[in-house]
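Student: After the structure tokens below, expect a handful of questions from me.
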Amino acid sequence: MRDATHALIVIDVQNDFCPGGALAVPEGDTIVPAINALMAEFPAVILTQDWHPAGHSSFASEHPGKQPMEMTEMPYGPQVLWPDHCIQGSIGAQFHPDLTVDRADLILRKGYNRAIDSYSAFFENDHATPTGLEGYLKTRSITHLTMVGLATDFCVNFSAVDAAKLGFAVTVRMDLCRAIDFDGSLAAATDGMDQAGVTLA
Ligand code: VGL
Ligand code: ZN
């Protein structure tokens, strides 16, 4: 067991990001047993949950003429358009049934503002609206974060880079993440995390 300054952050291990889900990440479900086992090493475990209202602005279905995985321009910058996913209260938004949720001290939901997507567990995609996680961790004197989950190139990437910018020591266990990987997104994410000082393990 690590000391009390360490937390494990499990990003978006939800049905819609697993095979059969609305935004399935290849092999997204295969990391679940090892994530459950890793929880035993951490005094603090935090789960994040992508949690969108129906009609969320990141859904291609809200943009006439657009298909999922196309880009659009939002007031806060470019945004990938996704299939409808992780709708509040849906089965797809639930955690993978085999994920251990009982160990979680905190379940942080994000993406609940209709007008702004939120990949990062720390800030929405405007890079300005906080989720509150920074304050939660800092008031608990947590300084070291290990991140695992889905998807490597989006929510894990944005969370890890933001955490490093905020001064946390961040390790991403790449073996316990899986990627969407389109248009070079995984290579770009790996570079970005590396440049931000994230340890890729
Ligand atoms: C995610 C796309 C849209 C993720 C969430 O968890 O990586 N990706 N919403
Ligand atoms: Zn989402």
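Student: Is it the case that Ala196 is open to solvent by 60 Å² or more (accessible area, probe 1.4 Å), more than 15 Å from Ile11 (Cβ to Cβ) and at pLDDT 95 or above?
Tutor: Considered against the rule, which asks whether it is open to solvent by 60 Å² or more (accessible area, probe 1.4 Å), more than 15 Å from Ile11 (Cβ to Cβ) and at pLDDT 95 or above, Ala196 comes out as no.
Student: Starting from segment 84-108, take each residue that is over 17 Å from Cys155 (Cα atoms) and list its partners that are part of a loop (DSSP other than H, G, I, E, B) and more than 12 Å from ligand 2 (Cβ to nearest atom), counting only C-beta distances under 8 angstrom and pairs at least six apart or across chains.
Tutor: Listed by first residue and then by second, the contacts come to Gln88/Ala54; Leu99/Val13.
Student: Right, something else. I'd like the residue in segment 12-28 that is more than 12 Å from ligand 2 (Cβ to nearest atom) and open to solvent by 10 Å² or more (accessible area, probe 1.4 Å) and, out of all such residues, is farthest from Trp82 (Cα to Cα).
Tutor: That would be Glu27.
Student: Among the numbered criteria (1) within 13 Å of ligand 1 (Cβ to nearest atom); (2) under 25 Å from Arg103 (Cβ atoms), which one does Leu38 miss?
Tutor: Exception for Leu38: condition (1).
Student: Mind counting the residues in segment 108-159 that are in contact with a Gly (Cβ under 8 Å, 6 or more places away or on another chain), among the β-branched types (Val, Ile, Thr) and more than 20 Å from Leu8 (Cβ to Cβ)?
Tutor: Final tally of qualifying residues: 0.
Student: Go through segment 128-139 and give me each residue that's away from ligand 2 (no atom under 16 Å from the Cβ) and surrounded by fewer than 17 Cβ atoms within 10 Å (Cβ to Cβ).
Tutor: Passing the criteria: Ala128, Pro130, Gly132, Gly135, Tyr136, Lys138, Thr139.
Student: Restricting the search to segment 102-127, which residues are over 14 Å from the mean Cα position of the chain (by Cα) and surrounded by fewer than 17 Cβ atoms within 10 Å (Cβ to Cβ)?
Tutor: Asp102, Arg103, Asp105, Leu106, Asn113, Arg114, Ala115, Asp126, His127 - these are the residues of segment 102-127 that are over 14 Å from the mean Cα position of the chain (by Cα) and surrounded by fewer than 17 Cβ atoms within 10 Å (Cβ to Cβ).
Student: Let me ask another. So which of Asp175, Asp102, Asp181 is within 12 Å of ligand 1 (Cβ to nearest atom) and of a type outside the set (Phe, Trp, Tyr)?
Tutor: Just a single option satisfies the conditions, and that option is Asp181.
Student: Here is a further query. Leu166 is checked against (1) within 22 Å of Val80 (Cα to Cα); (2) in contact with a helix residue (DSSP H, G or I) (Cβ under 7 Å, 6 or more places away or on another chain) and fails just one. What number does that condition carry?
Tutor: (1)
The values are calculated or read from the model by the stated rules, or taken from the named source; none is laboratory data. Worth saying up front: this structure is predicted, and the values here are computed from it rather than measured. So basically every Cβ, Gly included, is an ideal-geometry build from the backbone, and we count neighbours across all protein chains shown. Only protein heavy atoms, including side chains, enter the accessible area calculation; ligands, DNA and RNA are left aside. Shrake-Rupley method; radii C 1.70, N 1.55, O 1.52, S 1.80 Å.
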